[in-house]
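Following: one structure in structure tokens, then a few remarks.
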Amino acid sequence: MATFDPITRRLLRLFAVLDTDGNGFVTWSDHRRIVEAYADAYGLAQDDARIRTLARAYWAQWLGLLTQAVPGQDRLNQEEFVAAHRAVGYDTDRPELLENLAEAIFRIMDTSGDKRVSKEEFAAYLAVWGVSGDEGPAVFERLDLDRDAYVSQREIGRSLRAFHLNNDDLNTPGAIFLGIH
């Protein structure tokens with residue numbers, strides 16, 4: 001049995017979440033279903049600016065992955081998905097892919113519009129995705145890097161980068177923003 005590093009193991013979990021139809025491939029349709037889940041969970045119309053921003057962020061990420069795939073291919077199997085994520089260059093070539101996703105997620109979570117996510121807004125986010133309330137405080141604390149009792153867009157961005165780039169922790173808190181719990 002193969003032993004994988006933490007990044008690969010996290011990406012395998014992400015593949016399982018994104019392969020929403022269970023066909024062994026990830027496509028744009030799978031990403032689109034995640035966007036639709038946000039819209040449904042927060043009661044937002046598909047033409048709401050926050051949902052359009054999220055869809056654009058996922059679309060850009062999807063296109064970034066496809067640049068690492070066989071030309072003309074419109075779906076990725078598990079191995080291709082992991083390789084594409086590892087090659088896309090979130091730290092150097094395409095850092096905006098994660099920043100744009102962080103901004104889009106943050107805009108949806110910040111239901112009060114005060115430019116920060118409170119513990120209550122975070123708990124509502126977790127409830128939307130079916131995550132136990134017992135897990136919330138520990139994850140919130142790991143995300144709140146500046147210890148101001150709120151999660152900022154910057155902190156979400158850092159957690160998404162850690163998920164994709166840090167090889168030191170299997171359970172990075174950024175996984176929660178990608179549907180992994």
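The values are calculated or read from the model by the stated rules, or taken from the named source; none is laboratory data. In this text the structure is predicted, and so the values were computed from the model without any measurement. Reconstructed Cβ throughout: ideal geometry from the backbone, glycine too, with neighbour counts over all protein chains shown. SASA here: full protein model, heavy atoms, side chains in, ligands and nucleic acids out. Shrake-Rupley method; radii C 1.70, N 1.55, O 1.52, S 1.80 Å.
Structure data summary
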{"item": "For residue 147, solvent-accessible area (1.4 Å; no DNA, RNA or ligand), Å²", "result": "150"}
{"item": "Positive-end residue, the chain charge dipole about Cα centroid, Cβ charges, pick of 92, 164, 39", "result": "92"}
{"item": "Where 59, 129 fall by accessible area, highest first, once all protein chains stay in place (1.4 Å)", "result": "59, 129"}
{"item": "GluC sites (Glu not before Pro) restricted to DSSP loop in the range 125-181 with at most 14 other C-beta within 10 Å", "result": "135"}
{"item": "Residue 5 - accessible surface, heavy atoms, 1.4 Å probe, Å² rounded to 10", "result": "50"}
{"item": "Heavy-atom accessible area per residue - the range 75-181, 1.4 Å, Å²", "result": "49"}
{"item": "Ranking by accessible area, most exposed first, for 134, 146 with a 1.4 Å probe", "result": "134, 146"}
{"item": "With every protein chain in place, the chain: carbon and sulfur % of accessible area (1.4 Å)", "result": "50"}
{"item": "Cleavage-rule hits, chymotrypsin sites (Phe, Trp or Tyr not before Pro), the range 1-51, DSSP coil, Cβ neighbours within 10 Å at most 15", "result": "4"}
{"item": "Residue-averaged 222 nm ellipticity for the chain, from DSSP H runs of 4+ at -39500 (n - 2.57), nearest 500", "result": "-18000 deg cm²/dmol"}
{"item": "Area of residue 12 that stays accessible when all protein chains are in place (1.4 Å probe, Å², to 10)", "result": "40"}
